[in-house]
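This report concerns only the one structure given below.
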Amino acid sequence: MNKITPLFLALTLIFASCSSTENDAELLQKNETKLKSYTLKRDANGRYSIDFDVKENTEVNTFKNSDKSNEIVLSEAVQKQAQKHSNNFNLENDLLKIGFLEENNGKKTQITVEDENITFAKKGVTEFLNNYSVTKNADGTFILDFEVNNNVQTEFIYNELKEIYEIHLSNGTAKTTQFSRLIELPYTNILKIDFVNHKYNSRTNAEQIGNDKKPRLIMDLTSNG
């Protein structure tokens, strides 16, 4: 047997091992989730914003699409970038769409909000809810925080038939105005939240009148599954 052969085999194994390690690192980087967490907020004046955290070396670019939707693109950055970001958004015809796209793995998160511009809204539809926020945690759970005005009765239920978390608001004598709920993402990977305003003190009326269900929120994570 040639004495060079063992050395050649050893070098081959070393190079193969290094190549495998590099491939594993590239695959890990490709599948890495850039978006760590985010919080969608609506303040008492009806203004919407989103705060989000990304991993190190993530470049963030925001675009306005022709359909009025907003797209936040996350990509690999050569230089160190900020990890905490905050953007303000406006409703377009009572609708707000915000999408996250992670270029390295193609993962998408789509947020859709139906709401009224409080500046032009008639008293009634938005008189109960003061402000709210929905936070997506790094562990996949959500936290819903919201505040109602004085003398508002609040009932939190899960509509299993429609797979929607509903917050029913009506006139009452309740003293509590601030609420917080931990929410698990349904198996569909689509989170739906409706604020149902009972301005006529009748659930039947509120169920029949679609405009009484505002804000309406959908967070679609199906492409992350």
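The values are calculated or read from the model by the stated rules, or taken from the named source; none is laboratory data. Because the structure is predicted, anything quoted here is derived from the model rather than measured. Note that each Cβ is placed from the backbone with ideal geometry, even for glycine, and that neighbours are counted across all protein chains shown.
Taken over the stretch 142-196, the criterion of being aromatic (Phe, Trp, Tyr) and without any contact (Cβ under 8 Å) to a residue 12 or more places away in the chain is satisfied by Tyr158, Tyr187. In summary, Asn137 fulfils each of the numbered conditions (1) at pLDDT below 90; (2) more than 15 Å from Tyr48 (Cβ to Cβ) with the single exception of condition (1).
All of Ala44, Ala82, Ala77, Ala10 fail the test of being modelled with pLDDT under 95, of a type outside the set (Val, Ile, Thr) and not assigned by TED's automatic domain parsing to the domain that holds Lys214, apart from Ala10.
When the stretch 152-186 is filtered for residues that are more than 19 Å from Val113 (Cα to Cα) and in contact with a helix residue (DSSP H, G or I) (Cβ under 9 Å, 6 or more places away or on another chain), only Ser170 remains. The residue that is surrounded by the most Cβ atoms within 10 Å (Cβ to Cβ), counting only those in the stretch 208-225 that are of a type in the set (A, V, I, L, M, F, W, C) and modelled with pLDDT under 95, is Leu221. Of all residues in the stretch 30-68, how many are without any contact (Cβ under 8 Å) to a residue 24 or more places away in the chain and assigned to a strand (DSSP E or B)? Result for the stretch 30-68: 4.
Going residue by residue through the stretch 89-109, is there one that turns out to be loosely packed, with under 14 Cβ neighbours inside 10 Å and of a type in the set (Ser, Thr, Tyr)? No, every residue in the stretch 89-109 fails to be loosely packed, with under 14 Cβ neighbours inside 10 Å and of a type in the set (Ser, Thr, Tyr).
Residues in the stretch 69-89 that are in a loop (DSSP other than H, G, I, E, B) and in contact with a strand residue (DSSP E or B) (Cβ under 7 Å, 6 or more places away or on another chain): Ser69, Ala77, Gln81, Gln83.
Would you confirm, using the coordinates I've provided, whether Asn205 is at pLDDT below 95, over 16 Å from the mean Cα position of the chain (by Cα), polar (S, T, N, Q) and exposed (fewer than 14 other Cβ atoms within 10 Å of the Cβ)? In short, yes.
Going by the structure shown, is Glu166 in contact with a His (Cβ under 7 Å, 6 or more places away or on another chain) and closer than 14 Å to Asn197 by Cα? Judged against the criteria, Glu166 is not a match.
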